[in-house]
Amino acid sequence: MQIKGDKIILSAITSSDKDYFYTIATKSYGAKFWYDDIKREKRSKIAFFNDWTEGYFDPKKPKEGQCFWIMVQGKKIGVIAYNKIDEHNNAEIDIIIADEEDMNKGYGTDAIKTLCEFLLKKLKVNKAWIEARMNNPRAIKAYQKAGFKKEKILEKKDFFQGEFVDCIRLEMH
Ligand SMILES: CC(C)(COP(=O)(O)OP(=O)(O)OC[C@H]1O[C@@H](n2cnc3c(N)ncnc32)[C@H](O)[C@@H]1OP(=O)(O)O)[C@@H](O)C(=O)NCCC(=O)NCCS
């Protein structure tokens, strides 16, 4: 399954094609902003895919969540995903672009916008939401440019690089 945006194409990741996601999530430049270093370095492939369960890689079960490659001119530049749609019909989203050279070119904003349009219009999800660390201004800006609005600040919500840091919850209806 593919969803076309203005600058990117989202292409559903299937089970047979998911290993590169582990590489991006653990070894790329973007991974430093995504997971805490200690968690990331210790994360085996088995542990990683215990969290990112099969539902994320089965486009036939859209309510279980789904991971997509973010494609630019045929190249997989990153991954965007939504989690299992919850009992309130809400979905959390998450995104990572692998290389620094592919950042700050509007690809992330377009991927977020494209996925959220699919969730809200096609899957009739009530709202999409994310929690970003306050020390990740590029991510917050991209979410806001895509149409997310601040819901609240979550003080000392996440443990990152040796300290507890504030997070922001953003939502799109
Ligand atoms: C966060 C991420 C998805 C954003 O995608 P992107 O393609 O780089 O972002 P965009 O180019 O669409 O938008 C980024 C915006 O932030 C701005 N920006 C970049 N660094 C910034 C900083 N330090 N402070 C404030 N704004 C910043 C850019 O200038 C751009 O705004 P503009 O278009 O008005 O100039 C991508 O950078 C990424 O994957 N980062 C690593 C993983 C990560 O942080 N994931 C999110 C976890 S919540």
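Which value, to two decimals, describes the C-alpha radius of gyration of the stretch 1-55 once divided by 2.2 N^0.38 Å?
1.29
What is the pair-distance distribution P(r) of the chain, computed from all Cα-Cα distances in 5 Å bins starting at 0, with each bin given as a whole percent?
P(r) over the chain, rounded to whole percents: 1, 9, 17, 22, 23, 18, 8, 2, 0.
Which distance in nm do the two modelled labels at Lys60 and Asn126 give, with both placed 7 Å along the Cα-to-Cβ direction?
The two pseudo-label positions are separated by 3.0 nm.
Quick check on my link table: of Lys7/Lys127; Lys32/Lys105; Lys127/Lys149; Lys27/Lys156; Lys27/Lys152; Lys27/Lys149, which ones sit more than 22 Å apart, alpha carbon to alpha carbon? Intermediate values should be presented prior to the final figure.
Details: Lys7/Lys127 24 Å; Lys32/Lys105 19 Å; Lys127/Lys149 11 Å; Lys27/Lys156 26 Å; Lys27/Lys152 31 Å; Lys27/Lys149 31 Å.
Result: Lys7/Lys127; Lys27/Lys156; Lys27/Lys152; Lys27/Lys149 exceed 22 Å.
Have a look at the DSSP beta bridges in the chain and tell me what percent are antiparallel, nearest 5.
Beta bridges within the chain, antiparallel portion: roughly 90 percent.
Filter the GluC sites (Glu not before Pro) in the stretch 38-139 to those in DSSP coil with at most 12 other Cβ atoms within 10 Å of their Cβ, and list the result. Kindly include the intermediate steps, with their values, before the conclusion.
Numbers: sites: Glu41, Glu54, Glu64, Glu87, Glu92, Glu100, Glu101, Glu117, Glu131; in loops: Glu87.
In loop regions of the stretch 38-139 (DSSP not H, G, I, E or B), the sparsely surrounded GluC sites (Glu not before Pro) are Glu87.
Where in the chain are the DSSP H helices whose alpha-carbon span along the long axis reaches 18 Å or more and whose Kyte-Doolittle mean is at least 0.5?
Working: long enough: none.
Span-like helices, by this rule, are absent here.
Hey, fewest Cβ within 10 Å first, where do Ile77, Ile112, Ile3, Ile85 land in order?
By the 10 Å Cβ count, ascending, the order reads Ile3, Ile85, Ile77, Ile112.
When the helix-only estimate is applied to the chain (DSSP H runs of n ≥ 4, each -39,500 (n - 2.57), divided by the residue count), what is the mean residue ellipticity at 222 nm, nearest 500 deg cm²/dmol?
Counting only the DSSP helices, I get -7000 deg cm²/dmol.
May I ask what percent, to the nearest 5, of DSSP beta bridges between residues of the stretch 78-173 are antiparallel?
Percent antiparallel among DSSP bridges in the stretch 78-173 is about 85.
Any read-out appearing in this document is the output of simple, stated calculations on the displayed coordinates, not a laboratory observation. It should be emphasised that the depicted structure is a prediction, and the values quoted were computed from it without experimental measurement. All Cβ positions, glycine included, derive from the backbone under ideal geometry; neighbour counts span all protein chains shown.
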